[in-house]
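Here the structure is laid out as C-alpha cells; the discussion comes afterwards.
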Amino acid sequence: TVLAPFGGSGTTGLVAREHGRSCVLLEQSPTYADMARARLGQAPADVATARDQTAALPLFGGGAQ
C-alpha cells in the first residue's frame, strides 16, 4: 500500500494502480480531491472523507489532556 500524504491530482494513485498496488491519498484541497477522484474513476461516495470529523480528533492522539 502506497501512502501519498499530499495526494494532489492523483498521479501517485494512477502509478500505484499501474503497478498493482493500492494507494491511500490524503488531500486537504477539495478542488484537488475532486480532481483525483475524477482521474481515478471513483465517485465521491467511494472515497472516504473525514473533513467534518477532523476538528474533533486530537492532533497527536492520547485524548484529552
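Out of Leu3, Leu25, report the one residue that is modelled with pLDDT of 90 or more, within 11 Å of the chain's Cα centre (by Cα) and open to solvent by 70 Å² or more (accessible area, probe 1.4 Å). Just a single option satisfies the conditions, and that option is Leu3.
One residue stands out in the range 6-22 among those that are outside any helix (DSSP H, G or I) and surrounded by 12 or more Cβ atoms within 10 Å (Cβ to Cβ): the one that is nearest to the chain's Cα centre (by Cα), namely Gly7.
The values are calculated or read from the model by the stated rules, or taken from the named source; none is laboratory data. Given the structure is predicted, the values throughout are model-derived calculations rather than measurements. Neighbour counts run over all protein chains shown; Cβ positions are idealised from the backbone, glycine included. In case anyone asks, the SASA skips ligands and DNA or RNA and just uses the protein heavy atoms, side chains included. Shrake-Rupley method; radii C 1.70, N 1.55, O 1.52, S 1.80 Å.
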